[in-house]
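Presented below is the structure to which this report refers.
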Amino acid sequence: MATTNAASLTQTAYERLRADVLSCRLRPNEQLKISALCEQLGVSLGAVREALSRLTSEGLVVAEPQRGFRVAPVSMADLKDLTRVRIQIESACLERSIACGDMNWETNLVAAFYRLSRTPERVTDGDAVRLGDTWGAAHNQFHQCLIAACDSPWLLRIRDQLYMQTERYRQISVPLQKVERDTNSEHEAMMNAALARDIAKATELLATHLTTTMEIVAAGLGEDAEPGASRPRRKSSVRTPRALEEAE
């Protein structure tokens with residue numbers, strides 16, 4: 001019973017820390033003080049260490065000799081590479097999902113879009129505006145349903161890792177966004193193309209959808225979205241998140 005309880009506390013610590021990292025409530029590069037986390041989460045030292053070790057294996061936390069743990073950093077170079085690879089992998093998943101999807105897949109996808117379209121996207125957190133946790137869960141479910149019929153477990157596993165890594169950048173993009181973005185229309189267009197079994201259009205829309213987040217972050221920082229492009233560096237009129245100020 002004691003072993004089961006310890007495992008449960010470790011899992012709870014892991015899930016709460018993971019959620020805080022992905023939502024950027026724990027900022028990229030932020031030092032993680034184990035004693036403070038134990039008190040905050042109400043769990044033992046061992047539970048927090050085990051949770052941090054799991055997050056390290058997922059690339060969300062970095063372990064430094066003699067210095068403990070810190071939240072993994074972010075950078076434009078990482079976002080560009082991550083976006084390119086995610087487009088390749090998720091497009092392959094989507095292609096197989098459209099080819100293999102049945103009526104249950106269609107029904108689940110429509111239901112996921114309905115839930116997402118009815119969920120408020122942003123919430124106020126103190127002085128800041130961020131993506132809501134409920135919207136984040138609905139957004140994740142929609143994208144999961146979109147590729148759920150893919151018949152390659154390995155593609156899906158890699159895709160899930162890439163999706164997780166992009167979550168922080170999605171949060172970071174919010175204060176940098178200078179123009180209105182209709183994400184509901186983007187998701188609806190992807191759904192309709194998938195339901196129409198139009199692989200070329202669905203994968204094109206997916207690529208545009210994923211690239212838009214990268215371009216919002218790049219434009220907010222005065223960066224070029226495409227590597228090698230020559231454009232003078234300019235300062236953003238939007239207050240840059242501290243995490244990316246450090247990454248510049």
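The values are calculated or read from the model by the stated rules, or taken from the named source; none is laboratory data. The structure presented is a predicted model; accordingly, all values stated were derived computationally and were not measured. In this analysis, Cβ positions are derived from the backbone assuming ideal geometry, glycine residues included, and neighbour counts consider all displayed protein chains.
Candidates SER97, SER35, SER44: the one that is of a type in the set (Ser, Thr, Tyr) and touching a Phe, Trp or Tyr at 6+ places or on another chain (Cβ under 9 Å) is SER97. Mind checking whether some residue in region 120-136 is under 22 Å from ILE216 (Cβ atoms) and in contact with a His (Cβ under 7 Å, 6 or more places away or on another chain)? No, the conditions are met nowhere in region 120-136.
Listed conditions (1) of a type in the set (D, E, K, R); (2) within 15 Å of the chain's Cα centre (by Cα); (3) assigned to a loop (DSSP other than H, G, I, E, B) are all met by ARG181, apart from (2).
Taken as a whole, region 85-101 holds no residue that is surrounded by 14 or more Cβ atoms within 10 Å (Cβ to Cβ), over 30 Å from ILE199 (Cβ atoms) and either in contact with a Gly (Cβ under 9 Å, 6 or more places away or on another chain) or of a type in the set (Asp, Glu) (or both). Just to verify a result, which residue in region 136-155, among those that are closer than 17 Å to ASN104 by Cβ and hydrophobic (A, V, I, L, M, F, W, C), is surrounded by the most Cβ atoms within 10 Å (Cβ to Cβ)? Applying the filter and picking the extreme gives ILE147.
Take ALA7 and decide whether it is under 18 Å from the mean Cα position of the chain (by Cα) and surrounded by fewer than 19 Cβ atoms within 10 Å (Cβ to Cβ).
no
Within region 108-135, restricting attention to residues that are of a type in the set (D, E, K, R) and at pLDDT below 95, the residue that is surrounded by the fewest Cβ atoms within 10 Å (Cβ to Cβ) is ASP127. Among the residues examined, CYS100 qualifies as at pLDDT 95 or above and farther than 27 Å from GLU15 by Cα. Among the residues making up region 48-80, a single one is part of a strand (DSSP E or B) and either touching a His at 6+ places or on another chain (Cβ under 9 Å) or at positive phi (or both): GLY68. For beta carbons closer than 7 Å, sequence separation of 6+ or different chains, a first residue in region 190-216 that is over 15 Å from ILE87 (Cβ atoms) and a second that is charged (D, E, K, R) and surrounded by fewer than 18 Cβ atoms within 10 Å (Cβ to Cβ), the qualifying pairs are ALA193/LYS201; LEU195/GLU106. Being assigned by TED's automatic domain parsing to the domain that holds LEU155 and either within 30 Å of MET190 (Cα to Cα) or in a helix (DSSP H, G or I) (or both) is true of GLU90. You will find that of THR83, THR166, THR134, the residue that is part of a helix (DSSP H, G or I), more than 13 Å from the chain's Cα centre (by Cα) and not basic (Lys, Arg) is THR134 and no other.
If you check ARG27, ARG16, ARG49, which single one turns out to be surrounded by 13 or more Cβ atoms within 10 Å (Cβ to Cβ), under 26 Å from ALA128 (Cα atoms), without any contact (Cβ under 8 Å) to a residue 40 or more places away in the chain and not assigned by TED's automatic domain parsing to the domain that holds ASP133?
Selected residue: ARG16, the only one of ARG27, ARG16, ARG49 that is surrounded by 13 or more Cβ atoms within 10 Å (Cβ to Cβ), under 26 Å from ALA128 (Cα atoms), without any contact (Cβ under 8 Å) to a residue 40 or more places away in the chain and not assigned by TED's automatic domain parsing to the domain that holds ASP133.
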